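Visitor: Following this message is one structure expressed as structure tokens.
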Amino acid sequence: MSDARSPAETDDGTDAGGATDRTTGTDTLLEVDGLTKHFDQGSGFLSGFFDSEQVRAVEDVSFEIREGETLGLVGESGCGKSTLARTILRLLNPTDGDVYFKGSNLAEMGGEELRAQRQDMQMIFQDPQSSLDPRMKVGTIVEEPMKAHGMLDDEGREDRAHELLEKVGLDPQHYNRHPHAFSGGQRQRINLARALSVNPDFIVCDEPVSALDVSIQAQVLNTMNALQEEFGLTYLFIAHDLSVIRYISDRVAVMYLGQLVELAEKEELFENPQHPYTRALLSSIPVPDPRAEGTRGVLEGDVPSPIDPPSGCRFRTRCPELIRPPEYDLTDPQWEAVRAFMRAVDRRTFEPEGERALRHRFFEDVSLSGETATIVDRAVENVLSGDWTEANRLLDENFAQQSVCAQEEPAYDIEPEHGTGAHFAACHLHRE
Ligand SMILES: Nc1ncnc2c1ncn2[C@@H]1O[C@H](COP(=O)(O)OP(=O)(O)OP(=O)(O)O)[C@@H](O)[C@H]1O
């Protein structure tokens, strides 16, 4: 979905009002504190004899969700959004950290207590097809969670299922149909009715509209907004599509390689992004104004492995704004040139066609001296002799590793330009 065709505009005329218009409570419903989830990844038959590798899918994540708000969670595929959501709900056991829901620590709850608490916390998933049992009738699907939590008698559950089908925009007469008779959007509405059946306060929505057509997305999002208002729901809404996030969220959290890199109120995040990763993500939305082109960073390179994430700021290996190491006395243009060379060597994005061409390509406008020149000269020699690995190691060790970005984990509170809410950015550009 492009920004130009936001859900508000593509809807069939029944705009339920964007999240901005909603009055949001200020009480905390959920508090996530230092939440961490690592997965063991066995490496072959010897894994039983050695410590297996750990996939560090979620690392030290902290934030709050207020009653009645929608917190959007965005980030590239594989950055840990689903793992974070499942760990919050204790569908996965956390490796470390706490999750307070209405003041009680879910991370410490066991068996029956957790099961009872789950009634208040529901989840809907991306693929409405696979999350609905094709053999069950819609009515039974909606009634199932009520049954599991011992809510109402048979008649009461049936009445409630009819009522909820209507609330989510389906025909209550469809109570006896099977899921295959419904479209993708309708199936997601069945999921909504099922989640709502146990009267939850909190719903985690994991990419709930990603599999739907744009026009259908808009309608489902509008229904979700209307249901939120009617039932006083709080949403954690996961999506990789920024225009969906922009439409539905009150505040937005941006995740990269298992960590939160930025969190702010929606307008502040979209109008005043302070993390280079957020800026790069935003630049991937088509911009109607061509003058805006080139003013934001472009996302280059692959996401590193969560088995061995970069030290300090995890985004630093792709960051166009890596901070210069203090021990080198470099001007902005000099550091810019060295940084561009480092990134190109790391990604092997050029053909080494001789020293002259290489220097012309990266260092035409700057002359280097002292230790910087010595290191760069050695790296150039290595590239020309085909030893990219050694060139990369030299540059990484002497420049990247010496940057504050590699040495300290960033976490800064910033004065917002829009609104009064807190603005968190995990980027050392904001250090004093
Ligand atoms: N059970 C598991 N065992 C090992 N690694 C896992 C497991 N589940 C997830 N991971 C890894 O954890 C990381 C985070 O995955 P996760 O599915 O949470 O990301 P995501 O942001 O939700 O991605 P997507 O949008 O593609 O669903 C990935 O590297 C993934 O491969």
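Visitor: Carbon and sulfur together cover what percent of the accessible area of segment 324-402 at a 1.4 Å probe radius?
Guide: Heavy-atom surface of segment 324-402 belonging to carbon and sulfur, 1.4 Å probe: 41 percent.
Visitor: Something else now. Provide the gained length on full extension for the span Gln407 to Ala116, in nm with one decimal, where the gain is 0.36 nm per separating residue minus the Cα-Cα distance.
Guide: Working it through step by step, the gained length comes to 100.4 nm.
Visitor: Here is a further query. Kindly sort Tyr247, Tyr412 by accessible area of their heavy atoms, largest first, with the probe set to 1.4 Å.
Guide: In descending accessible area the options line up as Tyr412, Tyr247.
Visitor: Now, a different point. Can you find, among Ile141, Gln119, Gly68, the residue sitting farthest towards the positive end of the charge dipole of segment 44-147, where Lys and Arg contribute +1 and Asp and Glu -1 at Cβ?
Guide: Result: Ile141.
Visitor: Here is a further query. I need to check one value: relative contact order of the chain, counting alpha carbon pairs closer than 8 Å and at least 6 residues apart, in percent.
Guide: 18 percent.
Visitor: Using the alpha-carbon atoms, what tilt in degrees (0 to 90, nearest 10) does helix 184-196 show relative to the longest principal axis of the chain?
Guide: 70
Visitor: Name the shape class, rounded, prolate or oblate, that the alpha-carbon gyration tensor gives for segment 204-272, where a ≥ b ≥ c are the square roots of its eigenvalues, rounded holds for a/c under 1.5, and otherwise prolate holds if a/b is larger than b/c and oblate otherwise.
Guide: Taking the square roots of the gyration eigenvalues as a ≥ b ≥ c, segment 204-272 is prolate.
Visitor: Please report the spacing between the Cα centers of segment 213-247 and segment 345-377 in Å, no decimals.
Guide: 49
Visitor: Which one, Leu192, Leu114, Leu299, has the greatest fluctuation when you compute a Gaussian network model over the chain with C-alpha springs under 10 angstrom?
Guide: Its mean-square fluctuation being the largest, the pick is Leu114.
Visitor: Something else now. Can you sort Thr95, Thr36 by solvent-accessible area, 1.4 Å probe, largest first?
Guide: So, going from the largest accessible area down, we get Thr95, Thr36.
Visitor: Report Cys319's accessible area, 1.4 Å probe, all protein chains in place, as a number in Å² to the nearest 10.
Guide: Its heavy atoms expose roughly 10 Å² to the probe.
Visitor: Something else: Which value, in debye to the nearest 20, describes the size of the charge dipole of segment 324-402 about its Cα centre when Lys and Arg Cβ atoms bear +1, Asp and Glu Cβ atoms bear -1, and nothing else is charged?
Guide: Roughly 220 debye, rounded to the nearest 20.
Visitor: Tell me the GluC sites (Glu not before Pro) within segment 341-373 that lie in a loop according to DSSP and have at most 11 other beta-carbon atoms within 10 Å.
Guide: Here the sparse-neighbourhood loop sites are Glu353, Glu364.
Visitor: Tell me the accessible surface of Asp241 in square angstrom (1.4 angstrom probe, heavy atoms of protein chains only), to the nearest ten.
Guide: Surface accessible to solvent at Asp241 totals approximately 30 Å².
Visitor: If I take R0 = 25 Å and measure r between the Cβ atoms of Ser183 and Asn93 in this structure, what FRET efficiency does the formula 1/(1 + (r/R0)^6) give, to the nearest 0.05?
Guide: 0.10
Visitor: Could you compute how fast the chain diffuses translationally, taking Rh as the Kirkwood radius over C-alpha pairs and applying Stokes-Einstein at 25 °C with viscosity 0.890 mPa s? Give it in µm² per second.
Guide: 102
Visitor: Heavy-atom accessible area per residue, segment 324-402, 1.4 Å probe: how many Å²?
Guide: 57
Visitor: When ligands, DNA and RNA are left out and all protein chains stay put, how many square angstrom of accessible area per residue does segment 164-306 have with a 1.4 Å probe?
Guide: 36
Visitor: Still on this structure, I have one more. Nearest 10 degrees, 0 to 90: what angle lies between the long axis of helix 154-167 and the longest principal axis of the chain (Cα atoms)?
Guide: 50
Visitor: With r defined as the distance between the Cβ atoms of Met151 and Gln54 and R0 fixed at 30 Å, what FRET efficiency is calculated, to the nearest 0.05?
Guide: Computed FRET efficiency for Met151 and Gln54 comes out at 0.15.
Visitor: Given Cα pairs under 8 Å that are at least 6 residues apart, what percent is the relative contact order of segment 324-402?
Guide: 39
Visitor: Take the Cα coordinates of segment 324-402, assign each an equal point scatterer, and use the Debye formula without solvent to give log10 I(q)/I(0) at q = 0.13 Å⁻¹.
Guide: So the normalised log intensities work out to -0.33.
Visitor: Can you give the charge dipole size of the chain about its Cα centre, rounded to the nearest 20 debye, using +1 on the beta carbon of Lys and Arg and -1 on the beta carbon of Asp and Glu?
Guide: Its charge dipole is roughly 1000 debye.
Visitor: Follow-up. Within a Cβ distance under 14 Å of Lys37, other residues only, what is the Lys/Arg minus Asp/Glu net charge?
Guide: -2
Visitor: Each label point is 7 Å from the Cα along the Cα-to-Cβ direction; what then is the distance between the points at Asp127 and Ser284, in nm?
Guide: So the label points at Asp127 and Ser284 sit 2.1 nm apart.
Visitor: For the charge dipole of the chain, defined by +1 on Lys and Arg C-beta atoms and -1 on Asp and Glu C-beta atoms about the Cα centroid, which residue among Gly78, Pro273, Gly421 has the Cα displaced farthest towards the positive pole?
Guide: The one lying farthest along the dipole's positive direction is Gly78.
Visitor: Measuring from label point to label point, each 7 Å out along Cα→Cβ, what is the Thr349 to Leu384 span in nm?
Guide: It is 2.3 nm.
Visitor: Additional query: Determine the order of Trp388, Trp335 by accessible area, beginning with the largest, at a probe radius of 1.4 Å.
Guide: Per-residue accessible area, sorted high to low, gives Trp388, Trp335.
Visitor: Would you work out the relative contact order for segment 277-432, in percent, from Cα pairs under 8 angstrom that are 6 or more residues apart?
Guide: 24
The values are calculated or read from the model by the stated rules, or taken from the named source; none is laboratory data. Since we're looking at a predicted model, the values are computed, not measured. So basically every Cβ, Gly included, is an ideal-geometry build from the backbone, and we count neighbours across all protein chains shown. Just so you know, the surface numbers come from the protein's heavy atoms only, side chains and all, with ligands and any DNA or RNA stripped out. Shrake-Rupley method; radii C 1.70, N 1.55, O 1.52, S 1.80 Å.
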